[in-house]
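This report concerns only the one structure given below.
Values quoted throughout were computed directly from the atomic coordinates according to the rules given, and no laboratory measurement underlies them. Everything numeric here is computed off the predicted structure, so don't read it as measured data. Neighbour counts run over all protein chains shown; Cβ positions are idealised from the backbone, glycine included.
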Number of protein chains: 2
Amino acid sequence: MIFTAHIDIMPHDALLDPQGKAVEGGLAKLNMANLTQVRVGKHIRLQVEADSLEAAHTVVDSACTQLLANTIMERFQYRLEQIS
Amino acid sequence: MIFTAHIDIMPHDALLDPQGKAVEGGLAKLNMANLTQVRVGKHIRLQVEADSLEAAHTVVDSACTQLLANTIMERFQYRLEQIS
């Protein structure tokens, strides 16, 4: 079975996000001060080959904790979409 | 009305994604060679204050095209979630 994983990795809410602050300043300068609380993270899309949905979850969890996200500073969430 | 916008900004499919390739190599070294076709982009979350859903769409579209995404190399998609 093949799945596409759509993974979002965001800084923890308790942490400052200087990149988000910079974007917020840029938006304000473009007269979009009604856009606030900007947080910038990563979006990763990948293809998973696995025997079952459960196995796919296991491998994506493991990829996120071991390589993709720094779980001290970031949290991740994802959804899997079966494509075949 | 206040909305949260969840924006994904990804490199166009036709373009190489060296960061994605590097992640794919890293995953293979961690014995996760069943994870392939990695694409790395940005995920941005922000709050929108607007009079209507339509107005919120307009301002988020404009923020994406003017500041957040480089539409030559990236495409964006987003969803709006009303929070009040």
If you line up the long axis of helix B:18-29 against the longest principal axis of chain B, both from Cα atoms, how many degrees apart are they, to the nearest 10?
-> 50 degrees
Over region B:2-82, what is the relative contact order in whole percent, taking alpha-carbon pairs under 8 Å and six or more residues apart?
-> 52 percent
Shielding of B:19-25 by other chains, given as the mean Cβ count within 10 Å, works out to 2
Quickly work out the B:S84-to-A:A14 label distance, labels modelled 7 Å from Cα along the C-beta direction, and quote it in nm with one decimal.
-> 2.4 nm
Please give every one of the lysines within straight-line cross-link reach of A:K29, meaning a C-alpha to C-alpha distance under 27 Å, and leave out same-chain neighbours fewer than 8 residues apart.
-> A:K21, A:K42, B:K42
Of all the residues in chain A, which one has the C-beta that comes nearest the axis relating A to B, and what is the distance in Å?
-> A:H43, 2
Placing a label point 7 Å from Cα toward Cβ, how far apart in nm is A:E49 from its equivalents in the other copies, listed shortest first to one decimal?
-> 5.2
Separation between the A:S52 and B:R75 pseudo-spin-labels, each 7 Å from Cα along Cα→Cβ, expressed in nm?
-> 3.5 nm
Once Lys and Arg are counted +1 and Asp and Glu -1 for all other residues with Cβ under 12 Å from that of A:M32, the total becomes -2
Rounded to the nearest 10, the angle in degrees between the Cα long axis of helix B:53-63 and the longest principal axis of the Cα atoms of chain B comes to 50 degrees
Cβ-Cβ cut-off under 13 Å around B:A69, Lys and Arg +1, Asp and Glu -1: the net charge is -1
Surrounding net charge for A:I9, when Lys and Arg each add one and Asp and Glu each subtract one, Cβ distance under 14 Å = +2
Under Karplus coefficients 6.51, -1.76 and 1.60, residue-wise ³J(HN,Hα) of region B:64-81 in Hz, glycine/proline x = 5, 6, 8, 9, 6, 10, 9, 6, 5, 10, 10, 10, 10, 8, 8, 10, 10, 10
When chain B is treated as a GNM, springs tying every alpha-carbon pair under 10 Å, which of B:L30, B:L16, B:L53 comes out with the largest mean-square fluctuation?
-> B:L30
Shortest first and in nm, the label-point separations between B:L30 and its counterparts in the other identical copies (7 Å out along Cα→Cβ) come to 3.3
What is the Å³ per residue value for the convex hull set by the Cα atoms of chain B?
-> 104 Å³
